[in-house]
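What follows is one structure encoded as structure tokens, with my remarks underneath.
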Amino acid sequence: MSGRCKRLLANREGVAAVEFAMIAPVLIAMFFGTIELSSMLQCASDVKLMAGTAADLTAQASQIANSDESNIFAAVNTILYPYPTTGCRITLTSIVDDGHGGGKVAWSDSSSGAGYAVNTPMTVPAGVLPAGGSVILAEVSYPYQSPTTVQVAGTITLTRSAYSTPRTVTQIPRV
């Protein structure tokens, strides 16, 4: 082997640059993946807070009118900021004891589309619906789309629900 070839093979200058070029894409992908995951987890936390707040605000009322519902939907949607509220669906449902250990819908409305039909049987976790009483169910569904990974992950639907017992009356009427 000629002297030039031996010197070229023995030369270690630039090895760090080559190693960095090999690992940099992985590090960059991990960095942006961490940012995207934390953004989605923050949005999921907001959706959970929205459900709890909607149930709580509704349970504080002695009756619910259209204007009350509109105000609740508007207030709850502000929790989602800075995420867009397009496609967010909030459903408020009053579930009453059916006298047989189950529940049925007294009224239900949604921020987009229709709620549940009146008298639809509903399954409620044990201990949530008091005998002869009622409970408010708030459900929030949000189609999360990451601005940077929408082509990779697509839309992820985040859904949360919360129950709250009426505070001032046994059953909150819809007027």
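Any read-out appearing in this document is the output of simple, stated calculations on the displayed coordinates, not a laboratory observation. Quick caveat: nothing in here was measured; it's all calculated off a predicted structure. Note that each Cβ is placed from the backbone with ideal geometry, even for glycine, and that neighbours are counted across all protein chains shown.
Here are some notes:
- The H on the amide N of residue 122, modeled in the peptide plane, is under 5 Å from the matching H of 103, 104, 105, each at least 5 residues off or on a different chain.
- For the stretch 123-134, 3J(HN,Hα) per residue [Karplus equation, 6.51 cos²θ - 1.76 cosθ + 1.60, θ = phi - 60°, Hz, x = Gly/Pro]: 8, 10, x, 4, x, 8, 9, x, 4, x, x, 8
- Taking the C-alpha atoms only, the angle from helix 66-77 to the longest principal axis of the chain is near 20 degrees.
- Residues whose amide H falls under 5 Å from that of residue 128, counting only those 5 or more places apart or on a different chain, are absent, with hydrogens built in the peptide plane.
- Label-point separation in nm, residue 10 to residue 62, each point 7 Å along Cα→Cβ: 9.6 nm
- Estimated FRET transfer efficiency when R0 is 45 angstrom, pair residue 83-residue 2 (beta carbons, to 0.05): 0.10
- Each residue of the stretch 109-118 was assigned a 3J(HN,Hα) from its phi angle through the Karplus expression (A = 6.51, B = -1.76, C = 1.60, θ = phi - 60°), giving 9, 10, 5, 8, x, 9, x, 6, 6, 4 Hz with x at Gly and Pro.
- Amide H contacts under 5 Å for residue 165: 136, restricted to partners 5 or more places along the chain or on a different chain, H placed in the peptide plane at 1.01 Å from N.
- Residue by residue, the stretch 30-39 carries 3J(HN,Hα) couplings of 5, 4, 5, x, 5, 5, 5, 5, 5, 5 Hz when phi is fed to the Karplus relation 6.51 cos²θ - 1.76 cosθ + 1.60 (θ = phi - 60°); x denotes Gly or Pro.
- Taking the helices alone, the chain has a mean residue ellipticity at 222 nm of -13500 deg cm²/dmol, built from -39,500 (n - 2.57) per DSSP H run of at least 4 residues and averaged over all its residues.
- Globularity index of the stretch 3-164 is 1.70 (Cα radius of gyration / 2.2 N^0.38 Å, N = number of residues).
- Cα centroid separation, the stretch 24-61 to the stretch 64-89 (Å): 17 Å
- A Förster radius of 35 Å combined with the Cβ-Cβ distance from residue 112 to residue 29 puts the calculated FRET efficiency at roughly 0.45.
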